[in-house]
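One structure below.
The values are calculated or read from the model by the stated rules, or taken from the named source; none is laboratory data. These numbers were taken from a predicted model, which means no experiment stands behind them. Note: ideal-geometry Cβ built from the backbone for every residue, glycine included; neighbour counts use all protein chains shown.
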Amino acid sequence: MVKKTPIAVFISGRGSNMVALMEACARPDFPAEIVLVLSNKADAAGLETARKAGIKTLCVPHQEYGKDREAHERALDKAVRDSGAKLICLAGYMRVLTPWLVQQWEGKMINIHPSLLPAFPGLHTHEAALKAGAKEHGCTIHLVTDGVDEGPILAQARVPVLPGDDADTLAARVLEQEHRLYPETLRQFIEKRF
């Protein structure tokens, strides 16, 4: 039986990458276990998915903190520390984090982004790739740093941009790669770090 590093997963929506991580963590040979799924949105469908799987969930709505982003993130940080997590995986968490939280978890927070960074940081990456006439697109897993989608790259997966692609068809092909790449990269990251 392999030692399992406790992780927290942050989501804002359906949590499809969270599900890929849950499935990986369920394997006895996978070196992580999800001890908390946290969202800033009470209606995030992924919270119910995690609850049904017996994983502790928590919603910390950012609206309750007004413009005080750091106060919101202090609540997130406390929840993660209380859970015993040693690593945070962002999986569709749609908030830009402040330097305060990023620095608390420096080297221990990873994100998945739907483009081949440094190309197309931020939102609407599939539309941007199509508009730019990119021949290939994909996803990136990177360490989180103060700059949005600027952290050191841990892994990437590529897909071709096909004639006739729209944002939805391209996104679907990229998502398949995300679900494969995130657990694989998490395993490698933990085996090197913990």
Checklist entry - What single numbered condition from (1) in contact with a Gly (Cβ under 8 Å, 6 or more places away or on another chain); (2) surrounded by 18 or more Cβ atoms within 10 Å (Cβ to Cβ); (3) part of a loop (DSSP other than H, G, I, E, B); (4) not acidic (D, E) fails to hold for G151? => result (1)
Checklist outcome for this item: Exactly one of T57, T49 is over 20 Å from D149 (Cα atoms) and in contact with a helix residue (DSSP H, G or I) (Cβ under 6 Å, 6 or more places away or on another chain), and that one is T57
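Taking D166 as the residue in question, decide whether it is modelled with pLDDT under 95 and either surrounded by 18 or more Cβ atoms within 10 Å (Cβ to Cβ) or touching a helix residue (DSSP H, G or I) at 6+ places or on another chain (Cβ under 8 Å) (or both). Break it down into steps so the answer makes sense when it comes.
Numbers: modelled with pLDDT under 95: no; either surrounded by 18 or more Cβ atoms within 10 Å (Cβ to Cβ) or touching a helix residue (DSSP H, G or I) at 6+ places or on another chain (Cβ under 8 Å) (or both): yes.
Criteria not met by D166.
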Checklist entry - Is there any pair linking a residue in region 62-78 that is within 19 Å of A42 (Cβ to Cβ) to one that is surrounded by fewer than 17 Cβ atoms within 10 Å (Cβ to Cβ) and β-branched (V, I, T), with Cβ under 7 Å and at least six apart or on different chains, and which? => result R69/T98; E73/T98
Checklist entry - What single numbered condition from (1) out of contact with any Gly (no Cβ under 6 Å at 6 or more places or on another chain); (2) in contact (Cβ under 8 Å) with a residue 60 or more places away in the chain fails to hold for M18? => result (1)
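Report whether or not L117 is in a loop (DSSP other than H, G, I, E, B) and either crowded, with 22+ Cβ neighbours inside 10 Å or hydrophobic (A, V, I, L, M, F, W, C) (or both).
On the way: in a loop (DSSP other than H, G, I, E, B): yes; either crowded, with 22+ Cβ neighbours inside 10 Å or hydrophobic (A, V, I, L, M, F, W, C) (or both): yes.
In short, yes.
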Checklist outcome for this item: Selection from region 159-175 of residues in contact (Cβ under 8 Å) with a residue 12 or more places away in the chain and within 18 Å of the chain's Cα centre (by Cα) yields A171, R173, V174, L175
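Hey, any hits in region 50-63 for a residue that's in contact with a Gly (Cβ under 8 Å, 6 or more places away or on another chain) and not aromatic (F, W, Y)? Don't jump to the end; show me each part of the working.
The initial filter retains those residues of region 50-63 that are in contact with a Gly (Cβ under 8 Å, 6 or more places away or on another chain), namely 50.
Checking which are not aromatic (F, W, Y) leaves us with 50.
So far as region 50-63 goes, yes, one or more of its residues are in contact with a Gly (Cβ under 8 Å, 6 or more places away or on another chain) and not aromatic (F, W, Y).
Which members of region 26-44 meet the condition of being hydrophobic (A, V, I, L, M, F, W, C), free of Cβ contacts under 8 Å to residues at least 40 places away in the same chain and either under 21 Å from R180 (Cα atoms) or crowded, with 16+ Cβ neighbours inside 10 Å (or both)?
To start, the set of residues in region 26-44 that are hydrophobic (A, V, I, L, M, F, W, C) comprises 26, 30, 32, 34-38, 42, 44.
If we keep only those that are free of Cβ contacts under 8 Å to residues at least 40 places away in the same chain too, we end up with 26, 34, 37, 42, 44.
The answer is A26, I34, V37, A44.
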